[in-house]
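The values are calculated or read from the model by the stated rules, or taken from the named source; none is laboratory data. None of the values given here were measured: they were computed from a predicted structure. Heads up, the Cβs are rebuilt from the backbone with ideal geometry, glycines too, and the neighbour counts pull from every protein chain shown. These accessible areas exclude ligands, DNA and RNA; they are computed on the full protein's heavy atoms, side chains included. Shrake-Rupley method; radii C 1.70, N 1.55, O 1.52, S 1.80 Å.
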Amino acid sequence: MKQGYLSLRNLSKHFGKQTALQEINLDIYQHEFICLLGPSGCGKTTLLRILAGLEKADRGHLTIDGKDITSVPAGKRNFGMMFQSYALFPNLSVSENIAYGLRNRLTKSQIIDRVDELLSLVELDDQRHKVPAQLSGGQQQRVALARALAFSPDCLLLDEPLSALDAKVRVKLRREICRLHKQFGMTTIMVTHDQEEALTMADRIVVMNQSRIIQVGTPNEVYERPNSPFVTDFIGAVSFIETDDEKQGNPVLAIRPEHVQLVREGPVKGRQGIVREIEYRGTHYRLVLELLDHQGAPRLQFLTVDLPTQAMATLHIKLNQKVTFKLLSEHIIRFDTVSNTNIAVG
């Protein structure tokens, strides 16, 4: 395995009897944008705090560019960190908050120039004299981001920076963070539980659960080729379908709703189901079908289908209607029922 710019080897952490991290091994490459993704309590924030030097691992090693920094204190790691709460000083202005970490690093004139540069980058020139209470949530987030970038860190660590913002502001600031990441070129590691954030922002996603890394891959890899039912279910919508294929060990099939096609009755063979739910989502409708067996009886298994709005109007779909569908074979994911591992895609 090629060693990364930031390399984690056998990191473990316990809080009393609770295991927070187990045998974490990960290589992060220079200039990469990594998302640590997982449910609450999976260990992702603990891992970020160990990277920042705010927590100490019970065992294992952490190196950056070949240098062991496992025991290096947070203040000497040259890592910028943006906390979930932003942690701005309420009595300091925007400019003073950004300048705070530069006081013992640069001259007064250099600090002024650097703050001006960062205010321009995050588009807050006209807010420089305001205190945090006079800013919107999105503006506070940009101040915290500018402060984290102020001393040109080797790595930028982001702890769920968008979780407190409303949906439209979140989308805008996602783009802002990606723009600044590319402009500065630093290695960025972001903790999130939001799958859409991870899919749209990351170069690679590190999926975590129960204190372990479950899968590492590009957004396309973890979405299209997940290695376990957990990853499949956690990232995006999915339906699991039990099979009766004893020759193949009765594998469980997984399929994304956009990979199910409704077909008109006719010569095209397909499976059948009853429409039990219809949900309008603007660009498409989401349907829930109850599957029927070969005799037309309900199987108590359900399939989620995303149908474009135009197709919905063409097919005249209604509740409790019987419909015929096909699973796009190249997108079917098969899991072994014993090991719960991916045995095939397509």
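Laid out as a table, the results:
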| read-out | value |
| --- | --- |
| From LEU173, LEU199, LEU165, LEU180, residue being touching a residue at least 12 places away in the same chain (Cβ under 8 Å) and either touching a strand residue (DSSP E or B) at 6+ places or on another chain (Cβ under 8 Å) or within 10 Å of CYS35 (Cα to Cα) (or both) | LEU199 |
| Residue ID - surrounded by the most Cβ atoms within 10 Å (Cβ to Cβ), chosen from residues in the range 56-78 that are among the charged types (D, E, K, R) and over 22 Å from PHE151 (Cα atoms) | ASP58 |
| Long-range neighbours under 6 Å by Cβ, at least six apart or interchain, first residue touching a residue at least 60 places away in the same chain (Cβ under 8 Å) and within 16 Å of ALA198 (Cα to Cα) within the range 217-241, second assigned to a helix (DSSP H, G or I) and open to solvent by 30 Å² or more (accessible area, probe 1.4 Å) | ILE235/GLN195; ILE235/TYR223 |
| Residue in the range 207-224 that is farthest from GLN22 (Cα to Cα), counting only those that are open to solvent by less than 10 Å² (accessible area, probe 1.4 Å) and of a type outside the set (Gly, Ala, Ser) | VAL222 |
| Any pair with Cβ under 7 angstrom, 6 or more apart, that starts in the range 110-123 at a residue that is among the basic types (Lys, Arg) and modelled with pLDDT of 90 or more and ends at one that is open to solvent by 10 Å² or more (accessible area, probe 1.4 Å) and not in a helix (DSSP H, G or I) | ARG114/LEU106 |
| Search result, residues across the range 1-36 that are of a type in the set (Phe, Trp, Tyr) and open to solvent by less than 10 Å² (accessible area, probe 1.4 Å) | PHE33 |
| Test: residue in the range 330-341 that is open to solvent by 30 Å² or more (accessible area, probe 1.4 Å), farther than 24 Å from ALA254 by Cβ and at pLDDT below 90 | no |
| 2 or more residues of a type in the set (Asp, Glu): qualifying strands (runs of 3 or more DSSP E) within the range 252-334 | 271-280 |
| Inter-residue pairs, beta-carbon under 6 Å, first among the acidic types (Asp, Glu) and in the range 305-318, second in a helix (DSSP H, G or I), 6+ apart | ASP306/PRO257; ASP306/GLU258 |
| Complete set of residues in the range 128-154 that are without any contact (Cβ under 8 Å) to a residue 40 or more places away in the chain and over 24 Å from THR188 (Cβ atoms) | ARG128, HIS129, LYS130, GLN134 |
| Single unsatisfied condition, ASP116 versus (1) open to solvent by 50 Å² or more (accessible area, probe 1.4 Å); (2) assigned to a loop (DSSP other than H, G, I, E, B); (3) farther than 27 Å from PHE230 by Cα | (2) |
| Restricting the range 282-320 to residues that are exposed (fewer than 15 other Cβ atoms within 10 Å of the Cβ) and of a type in the set (S, T, N, Q), the residue that is nearest to ARG264 (Cα to Cα) | THR314 |
| Every pair of residues 6+ apart whose Cβ atoms lie under 6 Å, when the first sits in the range 45-69 and is under 19 Å from ASP159 (Cβ atoms) while the second is open to solvent by less than 60 Å² (accessible area, probe 1.4 Å) and assigned to a helix (DSSP H, G or I) | ALA52/ALA74; GLY53/ALA74; LEU54/ALA74; ALA57/ILE50 |
